[in-house]
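Report on the following structure.
Read-outs throughout are calculated quantities, based only on the coordinates presented, and are distinct from any laboratory measurement. Please read all numbers here as calculations on a predicted model, not as lab measurements. Heads up, the Cβs are rebuilt from the backbone with ideal geometry, glycines too, and the neighbour counts pull from every protein chain shown.
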Amino acid sequence: MSPTGCPPGTFPPYGPGMNETALTVHQTARPHGFPTAEHFAFVEHALPDPAAGSAVVENLYWSVDPYHREMMDDVPGGFALGAPLEGRTIGRVIASRTPGLAEGEIVFHRRGWRTHAVVMPEEIRRLPRFDGVPLTAYLSILGGTGLTAYVGLTRIARLQEGEDLFVSAAAGGVGTATGRFARLLGAGRLVGSAGSAAKAGHLTREVGYDAVFDYHEGPAAELLGKVAPDGIDVFVDNVGGEQLAAAVGALREFGRIVRVGTISQYNNPDASPPRFNYADIVEKSIRIEGFLVSNYRDLQEELHEFAIPHLQSGRLALDETVTDGFEHIVDAFLGMLRGQNTGKIIVRDCTQIPSVN
């Protein structure tokens, strides 16, 4: 395999403007419940020209994330109907009218869900290159997904060596990153929940979890009690609902709940809120704290300093589900919402990816 993860021999010689047309994905309607392919449209248009001070980036890798589902609703800052969607993306500059961006540069930006984007120098981030670290890592373990896990453990939970954790949606991007980081940070017993026996097996064999239950198999409180009979110190919550209630009951004194997301309710807005003994919050001195990773971007370099040496040594591995072809980005997104991925889901275009080191 090449450093990009694409099969060898798939890279065309580099040349600006190789495609004559561009595609963008628009949201066409607001979903109620699970979105479908009918809520999106692929729109073809001419390859954009850069205005003075900008550059055109041909996108190579796209991130689809759970927060995109929230953005589909009619909420402040959400996606506008009939307009290109946004998201984390890695691409290559193919035309430039600014000295701040040279043709051929590989950059990170947030104007995704399109094959080509016009960007200003201040809208991009140049990606440092390290031996043994593929570009996809900057959308997974070194990107917003990994940063979410790192912030949750080090700043919100303030994890101490030997403490026991429970992670919901442990097979997702944040869940796998949390498990791997927790092991490197010296966590004690590490348990999780997932949506299938196959995912549970991957988490225990490959990621470092001690035990994982399939949340379909019964009440969450009973299942959590079996894998963590002595309780937990920290709960990293990606799901909400019944699993949040179960964790409150299992937490020890001075336990912490790190609220990352509520994926169990993204597609079920009428779901009842979790029911638990609110007295536990006081009597066990439990702290519940949520956060937005966008408020912690200043920790990006700290994450790199922590994770990159472990990636290079092999102590830290990538958990990624990769879909080939921009034309499949909507399918990848919908599959992620239904739990069809293990780890971070990434879309790539092997026909355009340059062989970079």
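Tell me whether the range 27-142 comes out rounded, prolate or oblate; compute the Cα gyration tensor, take square roots of the eigenvalues as a ≥ b ≥ c, and use a/c under 1.5 as the rounded threshold. Show your work: numbers first, answer last.
Numbers: a/c = 2.35, a/b = 1.47, b/c = 1.60.
Oblate, since a/c reaches 1.5 and b/c is not below a/b.
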Contact order relative to length for the range 144-294, counting C-alpha pairs under 8 Å separated by 6 or more residues, stands in percent at 22
With the charge dipole of the chain built from beta-carbon charges (+1 for Lys and Arg, -1 for Asp and Glu) about the Cα centre, the Cα from Ala29, Leu251, Thr351 projecting farthest to the positive end belongs to Leu251
Helix 300-313: inclination vs the chain longest Cα principal axis, degrees, rounded to 10, gives 90
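Let me check against my output: what whole-number percent is the relative contact order of the range 21-120, with C-alpha pairs under 8 Å and at least 6 apart? Numbers along the way, then the final one.
Working: 221 pairs, mean separation 35.8, N = 100.
Taking the mean separation of contacting Cα pairs over the length of the range 21-120, I get 36 percent.
Using DSSP to call loops (not H, G, I, E or B), can you name the chymotrypsin sites (Phe, Trp or Tyr not before Pro) in the range 239-322 whose Cβ has at most 12 other Cβ atoms within 10 angstrom? Walk me through the numbers before you get to the answer.
Working: sites: Phe254, Tyr266, Phe276, Tyr278, Phe291, Tyr296, Phe306; in loops: Phe276, Tyr278, Phe291.
Counting only loop positions with at most 12 other Cβ atoms within 10 Å, the chymotrypsin sites (Phe, Trp or Tyr not before Pro) in the range 239-322 are Tyr278.
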Sorted largest first, the Cα spans of the chain on the principal axes come out in Å as 62, 46, 34
Applying the gyration tensor rule to the Cα atoms of the range 144-294 (axes a ≥ b ≥ c; rounded if a/c under 1.5, else prolate if a/b exceeds b/c, else oblate), the class is rounded
Note to self: C-alpha centroids of the range 22-40 and the range 148-163 sit apart, in Å, by 36
Listed by chain and number, the lysines with an alpha carbon less than 21 angstrom from that of Lys344, same-chain partners under 8 positions apart left out, are Lys199
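So for Lys226, Lys344, fewest C-beta neighbours within 10 Å to most, what's the order? Spell out each step's value before the answer.
Values: Lys226 12, Lys344 28.
Ranking Lys226, Lys344 by Cβ neighbours within 10 Å, fewest first, gives Lys226, Lys344.
Calculate the dipole size of the chain relative to its Cα centre from +1 charges on Lys and Arg beta carbons and -1 charges on Asp and Glu beta carbons; express the result in debye to the nearest 20. Walk me through the numbers before you get to the answer.
Values: 30 positive and 42 negative charges, 79 e Å.
Dipole of the chain, to the nearest 20 debye: 380 debye.
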In degrees rounded to 10, the 0-90 angle between helix 173-184 Cα long axis and the longest Cα principal axis of the chain is 60
Quick calc, the range 192-263, dipole around Cα centre from Cβ unit charges on Lys, Arg (+) and Asp, Glu (-), nearest 20 debye, gives 160
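Could you estimate the translational diffusion coefficient of the range 44-92 from the Stokes-Einstein equation, with Rh from the Kirkwood formula over C-alpha pairs, at 20 °C and 1.002 mPa s, in whole µm²/s? List each step's numbers first, then the result.
Numbers: Rh = 13.0 Å.
It diffuses with D of about 164 µm²/s by this estimate.
Sorted from fewest to most neighbouring beta carbons within 10 Å, what does the list Thr323, Thr36 look like? Kindly include the intermediate steps, with their values, before the conclusion.
Details: Thr323 20, Thr36 11.
Listed from fewest to most nearby Cβ atoms, that is Thr36, Thr323.
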Measuring from its Cα centre, the range 144-294 shows a charge dipole (+1 at each Lys and Arg Cβ, -1 at each Asp and Glu Cβ) which, in debye to the nearest 20, is 380
Protection proxy (average C-beta count within 10 Å per residue), highest first, orders 138-151, 198-211 as 138-151, 198-211
Once the mean of 1/r over all distinct C-alpha pairs in the range 247-315 is inverted, the Kirkwood radius in Å reads 15.4
With the charge dipole of the range 144-294 built from beta-carbon charges (+1 for Lys and Arg, -1 for Asp and Glu) about the Cα centre, the Cα from Ser168, Pro219, Gly208 projecting farthest to the positive end belongs to Gly208
Given Cβ charges of +1 for Lys and Arg and -1 for Asp and Glu, the option among Pro84, Ala41, Ser54 whose Cα lies farthest towards the positive end of the dipole of the chain is Ser54
Output for the range 105-183: GluC sites (Glu not before Pro) sitting in coil per DSSP, at most 14 other Cβ within 10 Å, listed by number, reads Glu161
HN-Hα couplings for the range 229-242 via Karplus (6.51, -1.76, 1.60; θ = phi - 60°), in whole Hz with x for Gly/Pro, come out as x, 9, x, 9, 9, 9, 10, 9, 9, 9, 10, x, x, 4
